[in-house]
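Here's the structure, in C-alpha cells; my notes come after.
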Ligand SMILES: NC(=O)c1ccc[n+]([C@@H]2O[C@H](COP(=O)([O-])OP(=O)(O)OC[C@H]3O[C@@H](n4cnc5c(N)ncnc54)[C@H](O)[C@@H]3O)[C@@H](O)[C@H]2O)c1
C-alpha cells in the first residue's frame, strides 16, 4: 500500500478529528493508499501536545512554514479560522504541496476565487472538506435523484442544523466575529454541507431570497467580561433552480440556533413519481417515496453500506468519524487517479459556487430582494 505523508495546519477540533481517522486506517478494506501523519503546526502549545500520541507525527511546530519545508509532507490539510484560509492555502500551494482545504475555502467569494485560480495554475491536487455526502443514506438520495424514477422534481430541501450556540453563556470564539468567521457567518460555517449535493447534481440556484438572522449580540469573552458578536447565526435561502428544464423550488437551511438539534444534516428530494429523504437523526435509515394509486413512504435501514468498504459489519450504523475516513479515502484515491465511479470530495469550483450563493444571500438580505446568480 502506498503511503502519503500528511501535514496538518490547525490542530483544533477538525485537525484532531482527521488525525484520529488516519490512526484507524486499517478499518478500510478497499483502498491502496494510506495517509501517515508526519507533521502538525498549531500556535497553541496544549493543542500541539495532543499530537504526541501519534508516533508517526515527528514534526510538531508552532510555525507552519517549517511544516511546509518538510520533504516528508506530500499533502497538507488546513483547518484554521476563515480569515487565515487564503494566506495559508496559497502558501501550501507555493510550497509545492497538495491541499485538502477546509470550507468555506476563504473568507468570501473573492478569496475563494483566488484560491481556486492559484490551485489551477500550480497544478496541485486541491479539494475541499465536506463529509456528509459519504453517508450511505446520502449516496442513496443521490442515486434516487439521478435514477430518472422521481418524475418531475417538485421540491428540494437541504440543510444543516445545530443548537450549540443557543447557550448564551457559551464564551465567544472566532466563529462569532465577522472579522475571523467572515461576514457570511453561518453560511460559511455550514453552507458547504447544505450546498454540496445540490451542486454536484447540477442544481445551482438561479436566483434566491435570503432570510438571515443573528443570535446573541454579545457573549462572555472568557476573561470575565462580555464581547460583541456580529455574525449571522441562522440562514434560510429560498432558491429557484433548474432541473431538466423545469424551475424547481429549493430551500437551503443553515442554523446554529436550531432548538433541539445537535448536528442534523438532511436532504429531501420530492418528485411527481417518487422521492427520497435522509437525515442524520436516523443515520442508517433511508426513506423512499413511491407514487401511484396509493402512495407510500418506505423506510429501510441501510447499515454500513459505505462507498469504501470497511471491516465494520454491514449491520452496524455509521457515524461522524467514519465519514471523515471515507472522505479522506476519496481524496487520496482520487489523487491517485483511482476513484472510479465513487463520490469525490468537493472541488474548488464547487467551493466557489457555494461562495457565490453566500454572496447572493448577503445581497438579498441587504436589499430584501430576490437576487440572480451568475
Ligand atoms: N468539515 C466539518 O464538518 C467542519 C467542522 C468544524 C469546522 N470546520 C472547519 O474547519 C476549520 C477550523 O475549524 P475548527 O472548528 O477546527 O477550529 P478550531 O478553533 O477548533 O481550531 C483552529 C486551530 O487553528 C489554530 N491556528 C490558528 N492560527 C494558526 C496559524 N497561523 N498556524 C497554525 N495554527 C493556527 C488554532 O490554534 C486552533 O487550534 C474552519 O475552516 C471550519 O469552518 C469543518
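A few points about this structure:
- Wholly enclosed strands (runs of 3 or more DSSP E) of region 235-317 bearing at least 2 residues in the same structural domain as residue 216 (by TED's automatic domain parsing) and in contact with a helix residue (DSSP H, G or I) (Cβ under 9 Å, 6 or more places away or on another chain): 246-255, 264-271, 274-279, 285-290
- Every condition in (1) under 30 Å from residue 217 (Cβ atoms); (2) buried (at least 17 other Cβ atoms within 10 Å of the Cβ) is met by residue 132 except one, and the failing one is (1).
- Filtered residues of region 78-103 (kept if within 10 Å of the ligand (Cβ to nearest atom), in a loop (DSSP other than H, G, I, E, B) and out of contact with any strand residue (DSSP E or B) (no Cβ under 9 Å at 6 or more places or on another chain)): 81
- The lone criterion from (1) at pLDDT below 95; (2) within 12 Å of the ligand (Cβ to nearest atom); (3) touching a helix residue (DSSP H, G or I) at 6+ places or on another chain (Cβ under 9 Å) left unmet by residue 164 is number (3).
- Across region 27-49, the qualifying residues are those that are part of a helix (DSSP H, G or I) and touching a strand residue (DSSP E or B) at 6+ places or on another chain (Cβ under 9 Å), and the one among them that is nearest to residue 339 (Cα to Cα) is 27.
- Note on region 225-234: residues that are more than 23 Å from the chain's Cα centre (by Cα) and assigned to a strand (DSSP E or B) total 3.
- Residue 141 more than 16 Å from the ligand (Cβ to nearest atom), part of a strand (DSSP E or B) and touching a strand residue (DSSP E or B) at 6+ places or on another chain (Cβ under 8 Å): no
- Test result for residue 121, surrounded by fewer than 21 Cβ atoms within 10 Å (Cβ to Cβ) and either within 16 Å of the ligand (Cβ to nearest atom) or farther than 17 Å from residue 345 by Cα (or both): yes
- Entry remark, region 257-272: residues being at pLDDT 95 or above and surrounded by 13 or more Cβ atoms within 10 Å (Cβ to Cβ) number 11 in total.
- The listed residue being assigned by TED's automatic domain parsing to the domain that holds residue 242, assigned to a loop (DSSP other than H, G, I, E, B) and on the phi < 0 side of the Ramachandran plot, out of 107, 184: 184
- Among the residues listed as 23, 14, 18, the single one being surrounded by fewer than 20 Cβ atoms within 10 Å (Cβ to Cβ), under 24 Å from residue 318 (Cβ atoms) and within 13 Å of the ligand (Cβ to nearest atom): 14
- Tally, over region 38-55, of residues that are within 19 Å of residue 91 (Cβ to Cβ), in contact with a helix residue (DSSP H, G or I) (Cβ under 7 Å, 6 or more places away or on another chain) and within 11 Å of the ligand (Cβ to nearest atom): 3
The values are calculated or read from the model by the stated rules, or taken from the named source; none is laboratory data. From a predicted model like this one, the values you see are computed outputs, not experimental measurements. Cβ atoms come from the backbone with ideal geometry, glycine included; neighbour counts cover every protein chain shown.
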